[in-house]
Amino acid sequence: MSALGERDAAAVRDVLAALERDVDVALDLGPTATPVTLLAAGGREIDTGAETRRLVESVCAESDRVSLTIVEHDEPGPWPRTTIGPGLTYQGMPLGYELTTLVHGIVEAGRTEPALSAASRERLATLERDVTVDVFVTPT
């Protein structure tokens, strides 16, 4: 069963229709290194791995250009982790507003040219070493 309602599925399908090339998505699941209990409205516990799997599978199913690989780990780690293309990593559950982050990450990975301006790309080319950028979000 899809984690997306009909309206959301249609919106995701429309956005993913802009993909210019195939995108590989990998979802890593397993026991978390630091267990956290999340509660939904009404006090129901949320299984973060199962909910993330259902959501990522539903998003990826909306385009033939997106392939999904799921890896189950036995060892505790930073799971769930979704890797999009060669370098975008989403740590945690992309629920709520973060669904947009997941979908647009796939779109960005599916471009033949980056969305960055030429000036930004030129400036980045002057870096002397690789740089990792971490962006943190919190549920609201």
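The values are calculated or read from the model by the stated rules, or taken from the named source; none is laboratory data. Model, not experiment: these values are computed from the prediction. So basically every Cβ, Gly included, is an ideal-geometry build from the backbone, and we count neighbours across all protein chains shown.
Of note:
- Which numbered condition T100 fails, given (1) in contact (Cβ under 8 Å) with a residue 12 or more places away in the chain; (2) part of a helix (DSSP H, G or I): (1)
- Segment 11-33: number of residues that are free of Cβ contacts under 8 Å to residues at least 12 places away in the same chain and closer than 18 Å to R54 by Cβ: 1
- Which numbered condition T132 misses (of (1) out of contact with any Pro (no Cβ under 9 Å at 6 or more places or on another chain); (2) β-branched (V, I, T); (3) surrounded by 14 or more Cβ atoms within 10 Å (Cβ to Cβ)): (3)
- Exactly one residue out of P114, P78, P94 is closer than 17 Å to L16 by Cβ, modelled with pLDDT under 90, surrounded by 10 or more Cβ atoms within 10 Å (Cβ to Cβ) and of a type outside the set (D, E), and it is P94.
- When the residues of segment 22-55 are filtered to those that are part of a strand (DSSP E or B) and β-branched (V, I, T), the one that is modelled with the lowest pLDDT is I46.
- Qualifying position, being touching a Phe, Trp or Tyr at 6+ places or on another chain (Cβ under 7 Å) and under 25 Å from D134 (Cβ atoms), among G92, G30, G77: G30
- Filter result for the condition that a residue is assigned to a helix (DSSP H, G or I) and over 11 Å from the mean Cα position of the chain (by Cα), over S58, S63: S58
- So P86, is it modelled with pLDDT under 90 and within 23 Å of A17 (Cβ to Cβ): yes
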